[in-house]
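Values in this text are rule-based calculations from the coordinates and carry no lab data. Remember, it's a predicted structure, so these values are computed and weren't measured experimentally. Backbone-built Cβ (ideal geometry, glycine too); neighbour counts: all protein chains shown.
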Amino acid sequence: MAGRDHRVLKAWPQAASASLSFDGRPAPGLKPGRPVSRGQLLAISRAAGQGDLRAPFSGTVASLSPGLVELAFREGVSGQVPRPLDLGSVGGADLAPALKSLGLDLPRPAPPGQPALISALDPEPGLGLARALWQDQRTTLQRGLALLGRLWPDSELVEILPPRLDPLGAGRALRFREGFPMTLPSLLRMRVLGLPWPSPDGVVGPERLWALGTVARSGLPLTLVPVSVQGFHYLAPPGLRLSEVLAAVNLKPLLGDLALLGGLATGRPTARLGRGLRASDLSLRLIRAGRLPRPPAPCRLCGLCRQACPLGLQVDLAGQFPLEGWARLPAKVLGALAGCAGCGACALACPSLRPLLALAQAAGADDPYGRAPWGPPAGPGPRQQ
Ligand code: SF4
Ligand code: SF4
């Protein structure tokens, strides 16, 4: 079932270059000037759950430095062409390493005895990618679901669906009518399963399912990632420089604008527009200076942040602190924020625009998606615009 045009995932035009960061070691023999084929191994990831780095297109290695490889597109260039892997014949304990080697970031499984949730919900307001994938890429998602069942043979897979979206056929499906922040992976898990603490483990969104289904269909390394750019949805090669992504949709950042990676609620501002797009980014949005919230005003002691908090935390205790005091928050405040899910609902509710999510993160809030705090390391600083 196709959605409206702006929900259809569009193919990204051929990229001229890519800037790809990694946290492991470069593939043997990789060096500047070397030709590489699309899907060729560029670096082996150190982390067990993080996919190895694969070339998103064919070209030559423009530069190689610790944690970063830059690739330039060249027509007709060929390096080591990857051969398809018959994932059907890979089983048991070999499946996860095989998927990692194909470039997949593996989802974190649910604790033993608990079901895994396949969420079709858009986790944050304005993201839109989940519904777009669910509507446009059903066959691939179903292949991803089958592969996930083999990856986690001991977990029941339960689909979590908003109204009027068809299940993929995992078995059990539950309708979920609550809105943000309960649609975030960590809080969804808490609410659906009645768990006392938020945790994003064992929650799989359509973007991860799409990645699984894509490699299941071809047996080839993953060379595209789903991403929303200014509300439009694309399948794009990872490593595109953020400045070039914005330029491709006719956006040129001006002084004072804000580039936001991720959703509107828990997204992270970035000034590093020279860094490459990553699979965990999900969304890139440019917010013009004139549309940015005005600077925070003093706390009004209204308590709306506490009311908005799905965990009932006393976030207002922290919001009253002057911004310059946040580097040394007293134990009472840190204690009030213990267990924070990092959902950002308090910040959205605050009429004084206190940056409460940043405060919660400073106090050690978890990432509601379970992402690494600031993504993989390395990568150059901002490029001149
Ligand atoms: S980010 Fe704010 S609303 Fe969300 S759990 Fe933490 S304190 Fe509560
Ligand atoms: S919502 Fe904002 S203004 Fe109101 S108590 Fe919380 S921090 Fe203070």
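Quick one: Asp367 ticks every box in (1) within 29 Å of Leu9 (Cα to Cα); (2) within 14 Å of ligand 1 (Cβ to nearest atom); (3) part of a helix (DSSP H, G or I) bar one, so which box is it?
So Asp367 meets the others, but not (3).
Select from region 53-69 the residues that are free of Cβ contacts under 8 Å to residues at least 60 places away in the same chain and buried (at least 20 other Cβ atoms within 10 Å of the Cβ) and write down the one among them that is nearest to Asp23 (Cα to Cα).
Filtering first and then ranking leaves Leu53.
Among the residues of region 87-146, write down those that are under 21 Å from Thr183 (Cα atoms) and of a type in the set (Ser, Thr, Tyr).
The one that is under 21 Å from Thr183 (Cα atoms) and of a type in the set (Ser, Thr, Tyr): Ser119.
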